[in-house]
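To start, the structure itself, in structure tokens.
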Amino acid sequence: MQESSTATTTNGPAKWGMAVDLDRCTGCEACVTACHAENNIPTVGANQAAAGRAMHWIRIERYFEGEFPDVHVKFRPVLCQHCDNAPCEPVCPTYASSHTDEGLNAQVYNRCIGTRYCANACNYNVRFFNWFNPIWEKPLHLQLNPDVSLREVSVMEKCTFCVQRIKEAKIDAKRDARPLADGDVKPACVQSCTANALVFGDLNDPESAVSRLSRSPRGTKLLGDLGTQPKITYLQREG
Amino acid sequence: MDRRQFIKLGAATSATATLAGCGNPENQLIRFIPEDDLIPGISVWKPSICPLCSAGCGVLVRIMEGEAEVIRNGQLGLIKMGLAKKLEGNPQHPVNQGKLCVRGQAALQVTYHPDRIANPLKRSGERGSGQFQEISWDDAIAELVSQMNALAAANDQKSLGFLTRPLRGQRQRLVAEFLSRFGAPAALDFEVLGEDVMRRANARSFGYDQLSTFDLAQSRYVLTLGADFLGTWNSPVSQSVGYGEMRQGRPGIRATFVQVEPRMSQTGANADEWVPIKPGTEGVLALGLAHVIMAARLFPAAAAGRAGAQVAGWANGLPAYTPQEVERITGIAAARVERLAREFAEQRPSVAIIGGAPLAHTNGTFNALAVNALNALVGSIGQPGGVYFTPRANVGGAQAGTAQAGRTIDKVAAEILATERSPIQLLMLGEANPVFGTPPAWRVKEALAKIPYIVSFGNFLDETSSLSDLILPDHSFLESWVDDVPESGAMVAVASLAPPAMRPLHQTRAMPDVLLDLGRRLTPAIELPWQNYQAMLQAAFSTLPAPPAPAGEEPADVWRTAQAQGGWWGEVAARPAAAAAQGQAPAAYTEAQFDGAAAEYPYHFLPYASQQFLDGSLAHLPWLQELPDVLTSAMWSSWVEINTQTASQLGIVQGDLVEVGSGQGTLRAPVFVSPAIAPDVIAMPVGQGHETFTRYASGRGANPISILAPVLEAETGSLAWAATRVRVSKVDGDGGLILFGGSLREHSEEHR
Amino acid sequence: MSRIAPNQMTDDLLRPLLHTTWKFYAGVAVLGSIVLAGLGAWFYQVYMGLGITGDNWPVFWGFHETNFVFWIGISHAGTLISAILRMVDATWRRPVTRCAEAITAFALMIGALFPLIHLGRPWLAWWLIPYPSERMIWPNFRSPLAWDFFAINTYLTSSLLFLFLPMLPDLAVVRDKTTGLRSKIYGLLSLGWQGTPKQWHRLEMAMHIMAIAIIPIAVSVHTIVSFDFSMAVVPMWHSTIFGPYFVAGAIFSGIAALIIAMALLRKILHLEAYLEPIHFNNLGKLLFTMSLLWGYFVFNERLTTWYGNETHEMAAFWITQTGRYAPLFWTMVFCNFILPFPFLAIRKLRTITGCVIASCGVVVGMWLERFLIIVPSLSTKPITYSWGRYMPQWPEITIMIGSIAAMVLLYVLFSKFVPLISMWEMKVGEHPEVKEAASVAAAQEAGELL
């Protein structure tokens, strides 16, 4: 548990966060499929999707504003906000939902007993439950990422900020005996983002791109008034 | 039973149980010696090229060791092999610059699809019944050889046809060489939502017969007419990268973006200003802007040069396109036209982009020429922030001729149906699905049925390939040598190249190698100078100039560096614009013609390339089926979009089943009630409605192409797919619309 | 209260124990098969996964959790009523207490099953038990679900004790009235009760202590159940009123269940002489009080939400007032308030039938109330894009019907093996001390005045 984070900066562990520039986001959804591919998220099929069981750790929310012809649309990518004051964490009776020392909201799949309380407590609705055992019709199972554990039936799952990529970047940095640089870690959604709307990095490093963007006057937090202290900053559109 | 017996029995039972535990067939398979040298748990990133659309993005494939069931020497067994795990954009590639769109991300599932054709197949039932039996490659090729030899013996080589989606690079060259040496006519290209109108217009206006490349990153004002340039049109990844920069990439500068279209696309949803317009009048708006600009003397008519000369009345300042007249035709207020014109001329560099439905009207070429002239007027051609034409890398010498000009699938189908004996006796079918992608009036399916022998290179059974007599499944792109020459999307010349990223999973063979093999076996043989496709690529790429080497070093081997980085790119000598064709009359506005009288069919029917399935060729990928469409959040569904007011007049609510009828037929689909579509337009995504296309797409939803009228664009003769009018009525039944999202609005006023 | 000879009373009250008719077997068979069907549905759910229920994203809780709160609510019938009435020495309680305490015990057993039923991986439920493990992993004591675990277990233990202790003298009577194996079992169960003054004294003392102790336990249990919701920052859940609101609702539904149970017992076991209109009348008055209290809480809850007009709350508010769940909401108001009002407020209508009609309404209404607390809020959480809906599927409906059958079955079996009316307390009541007689008279008088 208390694995010493390989010194990214001299100031102790990182605090991973993201900035989402809504002025760049085009709603292309490359992040959505990238996330599915990276994180072994099951496809549930038409019937289950109709029953409200589709799983998308990241989604693009679309909101219409106004009426024809003066109509506008807002896109907003929503994924786990990795709240510093996460409502999902205290409610889990088995600590399956817990905070890591790098500020991630971790979901310990083995520890999850399926109360689904965390998902109810989460106001962002970014937690997804395995209502059935996931199926990969052969040979689709060959696409599975060996770095990410598969979840079985009755386990809650959610965005991990691609913790496997964080680990990999740290291991690479350690191997090369260099500090982890800003931009070394790119979750799948960030990597794929065609308009570079998503930026990921260490919020404890004041000079990282994500820290600089998070200080932008355009920055807002999603449902920030709930006091959840999300680690994702949304930069509002201009104009 | 005594105690001893019981113990014996117990022991036997547990032994059986233990053995049964090994009964897992995987554990009974033999294990082959690995062919790849991989370290478990370590990933290797190999270059490849995304084949799903014509943008030609470069990808990197993450290869990791895994265990797959494969057949080696006729024996099924397990092998540890390098398996593709993830696709990402190739950061070095000039088109997509490290990014990959939603469809490209899902391209992985093409290789691992459970319904991929794993063996050569020979038809065993009635044509179209979908009944095939597996045969060996030797038998399959022998059968095809005998069919082709019979053609040659009868001196009937010209009745060999090759129908494919437009090929590029060395594949295109190989097919062309093969056909011409056999004595067959050139390949017949087919694309559902083709771009011939744009190419024709660019050729007329600028002398380049290709799609444009936009330098959005440096634009300050972007005016789009119908083009879904961030989603599905032209080179969407390249354009999205530019879009991000144009919005927030320059400190203190943020470009304005106006989208003009009757139905809000994903791209339109990002616009600062969304302007609905009467379908088929886009060119009039462009000329209206030009009129205002010229009248205000912001730019002289002469500035548009050759592009201006393509438009009737240009030199006189377009007197017919006053803002009032434009308002009458397009439905956009005159004051707005004037404002847009001033913004366009003053916030430079500005660029106008036209694409999609405006070009799919009967007056499509006019619309495109008008926009080209507008761009030329404000000096946006070949200038930063404007329109460019990607230089072409000259790979392997002269390109063989492109597809037969003017020979399109509708004409060929008509020819076949009109004659007793089909002019095509043997059809080779690449990846193209015209049965799904053409209006029923063209009777393509009937025509194909009249062709005595069809051989397909497809990976999947779809509406067209299921009509074939023989299927010689191609490798997936990850399993084969791939190359491409992107038409647009890059500022430098690009020739993409990649070796196979992984070994074949099934008993498939690369189509180019099959053609080469076939050629050698024919009597008389077709002697092509290459042993295999790899050799052909090597020969072609070796002709490219090596990048300048530092003094004293050998220039790098182009063939090797191109393989390592996923292609060759660099500056080439500028290609001169083709001379203007003589005697071509300048284009003037003619009202777009629509199939169906407005009284009987009150709505314009607007099919559009869907975010998930593009033209329908990707409906078989489960990741894309379950992807919520970004505007409607629909998954696994078809739907028609209807304006809120129109819906309430028709008594239709979200999810109701409606029947959409044109003069050509009807279809049924659930309704998505949208505020972002004009009241007289019904829009529907292309992609679903496959009869036969793997377990994930078959029998799902409806196909808008199936009710399209066979209206043609006047100048190019390509399908005017936005020129059908329809009526809509509510019918009983469950629409089956599956939505991911709940409310349409952030601050729901549902209960106020 | 009519006078019944002690011997007659013993015969009357022991009759169900000693004589078994085919109706009993038929009843047990029918109820048993329904319970088995419910169990089957649950096993199927465990085997397949919760996907066979109607739960979904974002309505992760539905019928199972509604039933959990409902049954825990019903369980407040007994203990609380009998404890309060014991403490204030209301003598009319005597024939009622055991019925009520039995409801508590059984409803709680069933209610406590639902957290298990609703779990995705029930085989890991033992992780909620705080046992010292070598990895030092404890349950998360910050989780209201962990509080639930302790609260419900405490309540279950104490209500079983509360039911069992006053049964001792009666079990001893059965022991003495029967022979053979049965006598031995009852002998074992009666823990050597001889009826010595010392034993009587100890029993009285124990009951006094229990009665005092169990009231805070009962109040805390339903408060903690309410915390399952009010601790989460979910619209219309995150409310300070939930504690008392849930307790009041629980007592409300508990009394209603008790009235229904008593009416059924009266009819089926021919206890007309013991469960008299006066008992229904008094319980009806209590029910009326709770109905008013419940209405007061609902009004408070709704008014403050509406007046506050907070965006996220209003979505959950309006969906129950005028939106998709409005029919259920107004049915609930009708069942819990409008329907019981005339039957309970007007003395002439406060008959056994009237009380039963009102109680039936209340049980249905209170079930709806639990549903309306859980589902609409989850389907309208703050992010409107993630709004959803919920439709129960057959497994959870079967499990719910099974739970009702289980309640009845347990009651039937209980009535078969234990006298449902506390014989010794009735007999004590037959020879009232002066003080006690006065209070009976006073109570009756008060009853007539109302």
Cβ contacts < 7 Å: first residue of a type in the set (Ser, Thr, Tyr), restricted to the stretch B:469-495; second residue in a strand (DSSP E or B), any location; separation 6+ or different chain. Result? B:SER488/B:THR213
Residue satisfying all of: in the stretch A:199-221; farther than 24 Å from B:GLN97 by Cα and in contact with a strand residue (DSSP E or B) (Cβ under 6 Å, 6 or more places away or on another chain); surrounded by the most Cβ atoms within 10 Å (Cβ to Cβ) among these: A:SER214
Note: among C:ALA232, C:ALA261, C:ALA248, just one is at pLDDT below 95 and within 14 Å of chain A (Cβ to nearest Cβ), namely C:ALA232
With respect to B:PRO512, is the statement that it is at pLDDT 95 or above, within 24 Å of the chain's Cα centre (by Cα), farther than 30 Å from B:VAL711 by Cα and in a loop (DSSP other than H, G, I, E, B) true? no
Show me the helices (runs of 4 or more DSSP H) entirely contained within the stretch C:277-339 in which 1 or more residues are over 29 Å from the mean Cα position of the chain (by Cα). C:277-308, C:311-321
Subset of the stretch B:622-636, residues facing chain A (nearest Cβ under 7 Å) and not in a loop (DSSP other than H, G, I, E, B), comes to B:PRO622, B:TRP623
The one condition in (1) without any contact (Cβ under 8 Å) to a residue 24 or more places away in the chain; (2) assigned to a loop (DSSP other than H, G, I, E, B); (3) not acidic (Asp, Glu) that B:GLN649 fails to fulfil: (2)
Among the residues of the stretch C:355-372, is any at pLDDT below 90, part of a helix (DSSP H, G or I) and among the acidic types (Asp, Glu)? no
Which pairs turn up if I take residues in the stretch A:179-203 that are under 19 Å from A:ASP101 (Cα atoms) and within 14 Å of chain B (Cβ to nearest Cβ) and look for partners that are outside any helix (DSSP H, G or I) and modelled with pLDDT of 95 or more with beta carbon separation below 6 Å, at least 6 apart in sequence or on another chain? A:PRO187/A:PHE161; A:PRO187/A:CYS162; A:PRO187/A:PHE200
Please state which one of A:ARG151, A:ARG127 is touching a helix residue (DSSP H, G or I) at 6+ places or on another chain (Cβ under 7 Å) and at the interface with chain C (Cβ under 10 Å from one of its Cβ atoms). A:ARG127
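Out of B:ALA315, B:ALA304, B:ALA286, B:ALA309, report the one residue that is more than 14 Å from chain A (Cβ to nearest Cβ) and without any contact (Cβ under 8 Å) to a residue 24 or more places away in the chain. Break it down into steps so the answer makes sense when it comes.
On the way: B:ALA304 fails: without any contact (Cβ under 8 Å) to a residue 24 or more places away in the chain; B:ALA286 fails: without any contact (Cβ under 8 Å) to a residue 24 or more places away in the chain; B:ALA309 fails: without any contact (Cβ under 8 Å) to a residue 24 or more places away in the chain.
One residue alone meets the criteria, B:ALA315.
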Picking from B:PRO166, B:PRO185, the residue that is outside any helix (DSSP H, G or I), modelled with pLDDT under 95 and closer than 23 Å to B:ALA510 by Cβ would be B:PRO166
What number of residues within the stretch A:50-76 satisfy the criterion of being of a type outside the set (A, V, I, L, M, F, W, C), more than 9 Å from chain C (Cβ to nearest Cβ) and surrounded by fewer than 23 Cβ atoms within 10 Å (Cβ to Cβ)? 7
What residue, of B:THR543, B:THR590, is assigned to a loop (DSSP other than H, G, I, E, B), β-branched (Val, Ile, Thr) and under 20 Å from B:ARG168 (Cα atoms)? B:THR543
What helices (runs of 4 or more DSSP H) completely inside the stretch C:1-82 contain at least 1 residues that are free of Cβ contacts under 8 Å to residues at least 40 places away in the same chain, over 23 Å from C:VAL362 (Cα atoms) and under 24 Å from the mean Cα position of the chain (by Cα)? C:22-48
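Tell me, please, whether a residue that is farther than 29 Å from B:TYR208 by Cβ, in contact (Cβ under 8 Å) with a residue 60 or more places away in the chain and within 11 Å of chain A (Cβ to nearest Cβ) can be found in the stretch B:235-249.
No, the conditions are met nowhere in the stretch B:235-249.
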Hey, could you check the stretch B:682-736 for residues that are in contact with a His (Cβ under 9 Å, 6 or more places away or on another chain) and among the polar types (S, T, N, Q) and say which is nearest to B:TYR608 (Cα to Cα)? B:ASN703
Set B:GLY733, B:GLY741, B:GLY661: member being assigned to a loop (DSSP other than H, G, I, E, B) and not polar (S, T, N, Q): B:GLY741
Taking the condition at pLDDT 95 or above and of a type in the set (Ser, Thr, Tyr), does C:THR311 pass? no
Within the stretch B:225-276, of all residues that are among the polar types (S, T, N, Q) and assigned to a loop (DSSP other than H, G, I, E, B), the one nearest to A:GLU29 (Cα to Cα) is B:GLN266
State yes or no: is C:SER143 surrounded by fewer than 20 Cβ atoms within 10 Å (Cβ to Cβ) and either of a type in the set (A, V, I, L, M, F, W, C) or within 14 Å of chain A (Cβ to nearest Cβ) (or both)? no
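Return a yes/no flag: does the stretch B:716-723 have any residue that is assigned to a helix (DSSP H, G or I), of a type outside the set (A, V, I, L, M) and either buried (at least 23 other Cβ atoms within 10 Å of the Cβ) or touching an Asp or Glu at 6+ places or on another chain (Cβ under 9 Å) (or both).
No: the stretch B:716-723 contains no residue that is assigned to a helix (DSSP H, G or I), of a type outside the set (A, V, I, L, M) and either buried (at least 23 other Cβ atoms within 10 Å of the Cβ) or touching an Asp or Glu at 6+ places or on another chain (Cβ under 9 Å) (or both).
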B:ALA271 is checked against (1) out of contact with any Leu (no Cβ under 9 Å at 6 or more places or on another chain); (2) more than 12 Å from chain A (Cβ to nearest Cβ); (3) within 30 Å of B:ASN703 (Cβ to Cβ); (4) surrounded by fewer than 24 Cβ atoms within 10 Å (Cβ to Cβ) and fails just one. What number does that condition carry? (2)
What's the total number of residues in the stretch A:15-70 that are in a helix (DSSP H, G or I), without any contact (Cβ under 8 Å) to a residue 60 or more places away in the chain and among the charged types (D, E, K, R)? 0
Please determine whether any residue of the stretch A:101-123 is crowded, with 17+ Cβ neighbours inside 10 Å and under 20 Å from B:PRO622 (Cβ atoms). no
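Are any of the residues in the stretch A:191-198 more than 15 Å from the chain's Cα centre (by Cα), of a type outside the set (S, T, N, Q) and surrounded by 14 or more Cβ atoms within 10 Å (Cβ to Cβ)?
Yes, the conditions are met somewhere in the stretch A:191-198.
The values are calculated or read from the model by the stated rules, or taken from the named source; none is laboratory data. Fair warning: this is a prediction, and the values are worked out from it, not measured in the lab. Cβ: placed from backbone, ideal geometry, glycine included. Neighbour counts: every protein chain shown.
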